[in-house]
Amino acid sequence: MPQIDRYIDALFQHEAEALVMAAGEKAALRIDGKLRPLASPAAALKELEEALTEIAPESLVDDLQQDGDHAIAYASPKGGVQVEVKRLGELLR
C-alpha cells in the first residue's frame, strides 16, 4: 500500500476538499475552505518524493525532479484523486 493512501483515506473520511502536503510541514485537509492539520509528523522532502514516486506513472517519475507543476491521476483504494505537485528546487508541495 503506497504511503500516501493513509492521507487519502483521511481525505475521503472527512469529506475534505483537498489534501495539502508540503515538505517540512504537517499534512492538512482543506475542509470548508480552512486548512486543518492532521496528527502526523511533518514530511521531509525525501519522504514526500518517495510517496509521490510510489503513485506516479513511470513516465512521470523523472519529471517530478524538475521545477514546475505536475499532475498525477491516482486510483486509490478509496477512490480516484488528482494529485497536483508544485516543485521549485527544494520546495515541494
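The values are calculated or read from the model by the stated rules, or taken from the named source; none is laboratory data. Predicted, not measured: the structure shown is a model, and the values here were computed from it. Here Cβ is always computed from backbone atoms with ideal geometry, including for glycine, and neighbour counts include all displayed protein chains. Note: accessible area is taken over every heavy atom of the protein model, side chains too, but ligands, DNA and RNA are not part of it. Shrake-Rupley method; radii C 1.70, N 1.55, O 1.52, S 1.80 Å.
Is it the case, given these coordinates, that residue 16 is modelled with pLDDT of 90 or more, of a type in the set (Gly, Ala, Ser) and within 12 Å of the chain's Cα centre (by Cα)? Taking the combined requirement at face value, the residue does not satisfy it.
When the stretch 1-45 is limited to residues that are among the acidic types (Asp, Glu) and free of Cβ contacts under 8 Å to residues at least 40 places away in the same chain, the one that is nearest to residue 73 (Cα to Cα) turns out to be 17. Looking only at residues in the stretch 13-28 that are of a type in the set (Gly, Ala, Ser), more than 13 Å from residue 85 (Cβ to Cβ) and in a loop (DSSP other than H, G, I, E, B), the one that is most open to solvent (accessible area, probe 1.4 Å) is 24. Filter the stretch 38-60 down to the residues that are outside any helix (DSSP H, G or I), farther than 18 Å from residue 12 by Cβ and open to solvent by 30 Å² or more (accessible area, probe 1.4 Å) and list them by number. Once the filter is applied, which keeps residues that are outside any helix (DSSP H, G or I), farther than 18 Å from residue 12 by Cβ and open to solvent by 30 Å² or more (accessible area, probe 1.4 Å), the stretch 38-60 yields 41, 42, 44, 57. Being part of a strand (DSSP E or B), open to solvent by less than 60 Å² (accessible area, probe 1.4 Å) and not β-branched (Val, Ile, Thr) is the requirement here; does residue 7 meet it? Spelling it out, it is not the case that residue 7 is part of a strand (DSSP E or B), open to solvent by less than 60 Å² (accessible area, probe 1.4 Å) and not β-branched (Val, Ile, Thr).
Within the stretch 61-93, the set of residues being in a strand (DSSP E or B) and either surrounded by 13 or more Cβ atoms within 10 Å (Cβ to Cβ) or among the polar types (S, T, N, Q) (or both) comprises 70, 72, 74, 76, 81, 82, 83, 85, 87, 92.
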